[in-house]
1. Between a first residue in the stretch 327-350 that is modelled with pLDDT of 90 or more and buried (at least 17 other Cβ atoms within 10 Å of the Cβ) and a second residue that is among the basic types (Lys, Arg) and assigned to a loop (DSSP other than H, G, I, E, B), which pairs have beta carbons less than 9 Å apart while being 6 or more apart in sequence or on different chains?
2. Against the definition (surrounded by fewer than 21 Cβ atoms within 10 Å (Cβ to Cβ) and not hydrophobic (A, V, I, L, M, F, W, C)), how does Glu397 come out, yes or no?
3. For the stretch 73-103, give me each residue that is hydrophobic (A, V, I, L, M, F, W, C) and under 30 Å from Thr319 (Cβ atoms).
4. Only one of Pro31, Pro25 is assigned by TED's automatic domain parsing to the domain that holds Glu280 and either closer than 21 Å to Leu376 by Cα or in a helix (DSSP H, G or I) (or both); which?
5. Sort through Leu545, Leu520 and tell me the only one that's under 18 Å from Ser274 (Cβ atoms) and either surrounded by 11 or more Cβ atoms within 10 Å (Cβ to Cβ) or out of contact with any Cys (no Cβ under 9 Å at 6 or more places or on another chain) (or both).
6. Report whether or not Leu270 is in contact with a helix residue (DSSP H, G or I) (Cβ under 7 Å, 6 or more places away or on another chain), of a type in the set (A, V, I, L, M, F, W, C) and buried (at least 19 other Cβ atoms within 10 Å of the Cβ).
7. Pairs needed: first member in the stretch 267-293, in a helix (DSSP H, G or I); second member anywhere, acidic (Asp, Glu) and surrounded by 22 or more Cβ atoms within 10 Å (Cβ to Cβ); C-beta distance under 9 Å; at least 6 residues apart or different chains.
8. Check Ile448, Ile496, Ile479 and return the single one that is β-branched (Val, Ile, Thr), modelled with pLDDT under 80 and within 28 Å of Arg269 (Cβ to Cβ).
Amino acid sequence: MEIFFTILIMTLVVSLSGVFTRVLPFQLPLPLMQIAVGALLAWPTFGLHVEFDPELFLVLFIPPLLFADGWKTPTREFLEHGREIFGLALALVLVTVVGIGFLIYWLVPGIPLLPAFALAAVLSPTDAVALSGIVGEGAYPEKNHGHSAGRGVNERRLRSGIAEIRCRGGDGDDGIYRRRRATLEFFKVAIGGILAGFVVSWLYGRSLRFLSRWGGDEPATQIVLLFLLPFASYLIAEHIGVSGILAAVAAGMTITRSGVMRRAPLAMRLRANSTWAMLEFVFNGMVFLLLGLQLPGILESSLAAAEADPNVETWMLFTDIVLIYAALMLVRFGWLWTMKKFSLRFLKKKPMEFANWTSREILIASFAGVRGAITLAGVLSIPLLLPNGSGFPARYELVFLAAGVILFSLFVGVIMLPLLLQHLEVADHAQQLKEERIARAATAEVAIVAIQKMEERLAADTEENIDNQLLTEVSSRVIGNLRRRADGRNDVESSIQEENLERRFRLAALRSERAELYHLRATREISNETLQKLLHDLDLMEALLIENQ
């Protein structure tokens, strides 16, 4: 029962956290609010204690969140920016691990070299979940958004770095052999994870079509199977020894290309979108709440260990947090600036996206490298004991520094990103409006042709027995609306305004119809079964109108 009540409390806190942020006299991003509430609940006064299991955390929360990210990732842009993603997700990680590892070794005397590399490895992955929580959905410029899908590579590199610490380092041929083997293993788990996610998602699509033919289009069954897909991708990939994180991302991206959602029934698409939005909100909130719940315990144990360690100055640990974070940002900014110069100098025919970035956009991408719960899961998975039975060197310092960098990166991101993003979204919005105009005009042309063909078919169909005057009147009215949109390729504001006005009238009519249905049920003029059937029809029509707003 204790576990059940803990889950209920956490779910309640997550659901109310959005309300808390609105009633505050100052603006506070939702992730920081959830972290603060989690830390408050874990304080001895309230005493809510949740044991953090890194493996369970990675299995339970990360696959669905990354699957949703992959689902929303534009595949064409992802493939076009493969070089940029490779540079950020692999090369930058290696540079970060080596550079920050040596910095930590030099900066903190109590941390040996190999544990310093372990800390650098767990600090290397950025957290796109935390980033979206800070800046909001869709607020981050699309051109700077290519690196989030490389998170799985970072996480796998994180585990590889920790695994290297667990064995004793070697020199000479044996050490070179191990490094070569580790490199091959890295590529195996990365490529294997992508393939595993693709195969599982493809099998899901085939199975869904088979179930639809066999048992009909049942939205509830299809949504449950869709919810299980990221877990299946992750667990199958981990079972065969490849990256489960990358498998979840690849499965989400494959869904967008497979046409499964495009061919799905309308009811399934509407319910799936609303269900996933709810799950993302709850899971994102749980991630930050769990992060906050761990902070008091980490702070208490780390400070107690630091006080007992004569070789450590407690105040220096806080200084080290700031210096390590500054070094992470400097490495990230320097790498992006170097990639820009490299592209301009050596890739003139086909430059990378970095070539067009301004200094401000490089700063945005640098401060967007916030750390989150994946880093916490990585550092807490460092073992307490080495294989020989001795304690892991400086483990409390590693945990404290990682937790401090997570919090500091979130605070700096909360301050800097909104300032840097203030006027950038205007350009993105203008481009989006231009694309909308082109798409609306093109779809209107196709729709007119389809309506004309349907009108001819209905006029020739004797079984339908539709009055020709009525048929011409209705088709002319619909084609007239579409024609105004198609003829105004460069200026369609008036037709858009007309559509919005029509949508408002239709919504007002639907809501009045719903109120009247409840009145008819209250006066017992219709049965509850009739009420539910008619309400379902109204809900579908209203959902379509609201979805297009």
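1. Leu328/Arg371
2. So Glu397 fails the test.
3. Leu88, Ala91, Leu92, Val93, Leu94, Val95, Val97, Val98, Ile100, Phe102, Leu103 - these are the residues of the stretch 73-103 that are hydrophobic (A, V, I, L, M, F, W, C) and under 30 Å from Thr319 (Cβ atoms).
4. Exactly one residue qualifies, and that residue is Pro31.
5. Leu545
6. For Leu270, the condition - in contact with a helix residue (DSSP H, G or I) (Cβ under 7 Å, 6 or more places away or on another chain), of a type in the set (A, V, I, L, M, F, W, C) and buried (at least 19 other Cβ atoms within 10 Å of the Cβ) - is not met.
7. Between residues of the stretch 267-293 that are in a helix (DSSP H, G or I) and residues that are acidic (Asp, Glu) and surrounded by 22 or more Cβ atoms within 10 Å (Cβ to Cβ), the close pairs are Val287/Asp127.
8. Every option except Ile496 fails the conditions.
The values are calculated or read from the model by the stated rules, or taken from the named source; none is laboratory data. Predicted model, so just to flag it, every value in this text is computed and none were measured. Glycine also receives a Cβ, built like all others from the backbone with ideal geometry; neighbour counts cover every protein chain displayed.
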